[in-house]
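The values are calculated or read from the model by the stated rules, or taken from the named source; none is laboratory data. Note that the structure is predicted; figures quoted are calculated from it, not measured. Methodologically, a virtual Cβ is constructed for each residue, glycine included, from the backbone with ideal geometry; neighbour enumeration extends over all protein chains shown. Only protein heavy atoms, including side chains, enter the accessible area calculation; ligands, DNA and RNA are left aside. Shrake-Rupley method; radii C 1.70, N 1.55, O 1.52, S 1.80 Å.
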Amino acid sequence: MLPFKLVYHERYDLNLGPHVFPSQKFRLIAEQLLREGIAVAGDFVRPSPAGDDDLLRVHTPEWVNKLKTGTLTAGDVMKLEVPYSPELVEAVWLAAGGTILAAQCALRDGFGANLSGGFHHAYPGHGEGFCAIHDVAVAIRRLQADGAIQKAMVVDTDVHHGNGTAAIFGKDSSVFTISIHQENDYPAHKPPSTIDLNMMDRADDDEYLATLIPTVQQALDEFCPEMVFYVGGADPYCEDQLGGLSLTKKGLMERDRRVFEEARRRDIPVANTLAGGYARNVEDTVRIHVNTILAARDVALAFPSASAATNR
Ligand SMILES: [Zn+2]
């Protein structure tokens, strides 16, 4: 049994069929966690879809309405780069509800993991790069509206720049955004995060960790967020089809472990989301995401959370 909850719903699948985004990965991750005995059925909690009022704290009424009514233009679909379907809409509403629930679990347990989410390319008024609804922004705004937190930090380690996150929070001093990504990759337009760490092509484990970890340490000490939202992309992996960095599976797990450790040492809860992963073999993408959960478990057991203990 895990010392935190896994948020999962069988309708997370984006219904993409043959597509570079392996939308079956959500189910495969949940199955592998059970099969390997890392998690038991009681570790899983099911999200409800986010409410429209939750989405509207981030997105425009026009965009939410287009998604609900299936009235996206050809241009909208081209930018989104995934086919529209009612299942896609259901999945992204659930993903946003899942990240809200993972954050609420994190407040109680010190860590909470949505086995979806991290759709960091979504903008208020349009979707981009497989991302229709910005679940992380929706969750941050919901927790702020509930008075549960005031200040949040997004640590985005997906290989692609978190352009939607940067656009949404660019003028908001209550949310600190860090994006570490391959500079020479999608998206072409990268609005500034609070801190952008631009990695050169083929950067390896050592270069990556030496760039990321001191930045996270300093940002946590200076900004003192009440929650970290971790966007743990699997696509900095050396075998990724849409990424050009050279991280190993071991390096990626080390990345997760060290970010979680830095938050945990300061007793800051972490809400985890998956983001991208396009390895040639989907098993590699699944392994990397499963390793994120293992890293969280190791850190939770090594550094018991003071707030998690007092809140129980
Ligand atoms: Zn990505």
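Protein chains only, probe 1.4 Å: how do I149, I195 rank by accessible area, largest first? Kindly include the intermediate steps, with their values, before the conclusion.
Numbers: I149 5, I195 50 Å².
The most accessible residue leads, giving I195, I149.
So if I place +1 on the C-beta of Lys and Arg and -1 on the C-beta of Asp and Glu, and nothing else carries charge, what would the dipole magnitude of the chain be about its Cα centre? I want it in debye, nearest 20.
720
Alpha carbons only, please: Rg and Dmax for region 188-250, in angstrom.
Spelled out, the Cα radius of gyration and Dmax of region 188-250 are 13.2, 36 Å.
Below 21 Å Cα-Cα, how many Lys pairs turn up in the chain? Only count pairs eight or more apart in sequence, or on different chains, if you could. If you can, show how the numbers build up before the last one.
On the way: K5/K25; K25/K249; K25/K250; K66/K79; K68/K79; K79/K190; K151/K171; K171/K190.
Step by step, the pairs that qualify in the chain add up to 8.
Find the relative contact order for the chain and round it to a whole percent, using C-alpha pairs within less than 8 Å whose residues are 6+ positions apart.
Here the relative contact order equals 20 percent.
What fraction of the DSSP beta bridges in the chain is antiparallel, stated in percent and rounded to the nearest 5?
Beta bridges within the chain, antiparallel portion: roughly 5 percent.
Compute the orientation-averaged projected area for region 46-143 from the convex hull of its Cα atoms and round it to one decimal in nm².
Mean orientational projected area (region 46-143, Cα hull): 5.6 nm².
What is the diffusion coefficient of region 1-89 in µm²/s, taking the Kirkwood radius over Cα pairs and the Stokes-Einstein relation at 20 °C with a viscosity of 1.002 mPa s?
On the way: Rh = 15.3 Å.
Answer, rounded: 140 µm²/s.
Please report, in whole Å³, the volume per residue of the convex hull around the C-alpha atoms of region 136-289. List each step's numbers first, then the result.
Details: hull volume 14.7 nm³, N = 154.
Enclosed volume per residue, from the Cα hull, is 96 Å³.
Along region 121-136, what does the Karplus equation 6.51 cos²θ - 1.76 cosθ + 1.60 (θ = phi - 60°) give for ³J(HN,Hα), rounded to whole Hz, x for Gly and Pro?
Those phi angles translate into 8, 6, 9, x, x, 7, x, 8, x, 6, 10, 9, 10, 7, 4, 5 Hz.
For region 30-39, what does the Karplus curve 6.51 cos²θ - 1.76 cosθ + 1.60, with θ = phi - 60°, yield as ³J(HN,Hα) per residue in whole Hz, taken in order and with x for Gly and Pro?
Residue by residue, region 30-39 yields 4, 5, 5, 4, 6, 4, 7, x, 6, 10 Hz.
How much accessible surface area, in Å² rounded to 10, belongs to the heavy atoms of V58 with a 1.4 Å probe?
Number for this one is 20 Å².
Using the C-alpha gyration tensor of region 167-221, what are the square roots of 5 times its eigenvalues, in whole angstrom, with the largest one first?
The three semi-axes for region 167-221 are 21, 17, 5 Å.
Given the Cα-Cα distance of E183 and E31 and 0.36 nm per residue of separation, how much length would full extension add, in nm?
Between E183 and E31, full extension yields an extra 51.3 nm.
In whole Å, how far is the Cα centre of region 233-259 from that of region 62-139?
Region 233-259 and region 62-139 have Cα centres separated by 23 Å.
Any chance you could list P(r) for the chain, counting all Cα-Cα pairs in 20 angstrom bins from zero, rounded to whole %?
All Cα pairs, binned at 20 Å, distribute as 37, 60, 2 percent.
Let me check something: with ligands and nucleic acids excluded, how do C224, C105 order by accessible area (1.4 Å probe), largest to smallest?
Final ranking, largest accessible area leading: C224, C105.
Once phi is turned into ³J(HN,Hα) by the Karplus curve 6.51 cos²θ - 1.76 cosθ + 1.60 with θ = phi - 60°, what whole-Hz value does each residue of region 86-97 show in order, with x for glycine and proline?
x, 5, 4, 5, 4, 5, 6, 5, 5, 4, 5, x
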